[in-house]
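Below is one structure; the comments refer to it alone.
Read-outs: derived from the displayed coordinates by stated rules, not from any lab. Just so it is clear, the structure is predicted and the values come from calculations on it, not from any experiment. All Cβ positions, glycine included, derive from the backbone under ideal geometry; neighbour counts span all protein chains shown.
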Amino acid sequence: MPLVHNKVITIERHIIEQQERSDGATGDFSALLRDMALAFKIINREVMQAGLVDALGATGQENVQGEIVQKLDEFANTVIYRAMDHGGHLCGMASEENAEILPIPKEYRCGKYVLLFDPLDGSSNIDVNVSIGTIFSILKRVTPEDTPGELQDFLQPGYKQIAAGYTIYGPSTMLVYTAGRGVYGFTYDPSVGEFLLSHDDIRIPEHGSIYSVNEGNYHKWDAGMKRYIDWAKMDVPEEDKKAYSLRYIGSMVADVHRTLLYGGVFLYPADIKSYKGKLRLLYEANPMSFVVEQAGGRASNGQSRVLEIQPEKLHQRTPLIVGSPKNVDEVERFLNAT
Ligand code: AHG
Ligand code: MN
Ligand code: MN
């Protein structure tokens, strides 16, 4: 994956150039992504201040940490909605934080896309200054234009996504997205207030030696999953395999971002407590799976391709195994061994 050193390309320029290359693309879609980038800058500003507020709170206000977590979840949710409700591109939104579809206010035009998002992913990491993120997914509506979006516009399988991506608020803030023609990463330069292309055409390694999972759930997993993790930790000389390393941040965005760049596998399997898995299909699994597949990786629920699951509910959950193609193959081999 070539790092870009010789050209300065903002995300806006990149989106326009991408659009010029695709047949039939309209300015609608690039304006939509541009509006999203603005929302991410505003959330980034707030996230960057959260640590400062937290440090002050630690001097005596005991309940501030919990409130900050809640405030940031809610703040990010509101910022995205308000940045996106009036552009005329969307006919509705759905957020992990809201039970129902978020309609476009009556005074604004309804457009041809729907937006689904997890406004703040990894929110339990906010008060310990660990990377968190925002995840988004864009679908083209299936109901007639110029009317409010309906549930069926949102309940489409992931392979129908027009674009998806995430922003990671970490040591540096990055926006990674795909519009179905490769994966591009932009690093936020706060001094100029722009996301600049830093990772051109990201490709995930075919195989990696890192696995990423909440191993505290080990005793709740089924036998196949336990066998895979036992094997991941072993040297297996006859397979020329060394023990894998474990990395687990607990923010899916950060764990999948590392998996994308270094290779390996991120897993959130079903267990006896969360028998459908924990992660949400529409706000987390589908967009991250689309990004990883576009970078040459794979995403599975253990039996089938995540992007082919027909959603039945807005807040449906799914087991998720996502990462380097060969690592996902390995996991499936263990899960499906009788
Ligand atoms: P969210 O903060 O949006 O609710 O998502 C949290 C998710 C995901 O980011 C992460 O991979 C997972 O929950 C961590 O769960 P565990 O604490 O069970 O490991
Ligand atoms: Mn999340
Ligand atoms: Mn969330």
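Structure notes:
- Angle between the chain longest axis and helix 252-262 axis [Cα atoms, degrees, rounded to 10]: 70 degrees
- For the chain, built as a Gaussian network whose Cα springs stay under 10 Å, the top-fluctuating residue of GLN303, GLN19, GLN294: GLN303
- Coil-residue trypsin sites (Lys or Arg not before Pro) of segment 87-194, DSSP, other Cβ within 10 Å capped at 16: LYS106, ARG109, ARG181
- Expected 222 nm ellipticity per residue - DSSP helices of 4 or more, -39500 (n - 2.57), all of the chain, to 500: -10500 deg cm²/dmol
- Inter-label distance for GLN152 and GLN310, nm, one decimal - labels placed 7 Å from Cα along Cα-to-Cβ: 1.2 nm
- Working note: Debye formula, equal point scatterers on the alpha-carbon atoms of segment 11-199, no solvent; log10 I(q)/I(0) at q = 0.20 Å⁻¹ is -1.41.
- Antiparallel content of DSSP bridges confined to segment 196-338, in %, to 5: 70 percent
- Label-to-label distance for TYR262 and LYS276 is 3.3 nm, based on points extended 7 Å past Cα in the beta-carbon direction.
- Cα gyration tensor, segment 156-237 - rounded (a/c under 1.5), prolate or oblate: prolate
- Global form of segment 264-329, assessed from the alpha-carbon gyration tensor, a/c cut-off 1.5: oblate
- Charge dipole (the chain, unit charges on Cβ, about Cα centre) - positive-most of HIS14, GLY158, PRO105: GLY158
- The chymotrypsin sites (Phe, Trp or Tyr not before Pro) of segment 258-338 that meet both conditions, a loop assignment by DSSP and at most 16 other Cβ atoms within 10 Å of the site Cβ, are TYR275.
- Degrees, to the nearest 10: 223-232 long Cα axis against longest axis of the chain: 80 degrees
- Surrounding net charge for GLY302, when Lys and Arg each add one and Asp and Glu each subtract one, Cβ distance under 10 Å: -2
- Charge dipole (the chain, unit charges on Cβ, about Cα centre) - positive-most of VAL130, SER274, ILE229: ILE229
- Of all DSSP beta bridges in the chain, antiparallel share, percent nearest 5: 85 percent
- Note on segment 210-335: Kirkwood radius taken over Cα pairs, Stokes-Einstein applied at 10 °C and 1.306 mPa s, translational D equal to 110 µm² s⁻¹.
- 20 Å Cα-Cα threshold exceeded, pairs from LYS276/LYS313; LYS41/LYS71; LYS220/LYS241: LYS220/LYS241
- Tilt relative to the chain, helix 64-84 - C-alpha long axis, 0 to 90 degrees, to 10: 50 degrees
- For chymotrypsin sites (Phe, Trp or Tyr not before Pro), the sites in segment 102-140 that DSSP calls loop and that have at most 14 other Cβ atoms within 10 Å are TYR108.
- Volume per residue that the Cα convex hull of the chain spans, once the total is divided by residue count, Å³: 151 Å³
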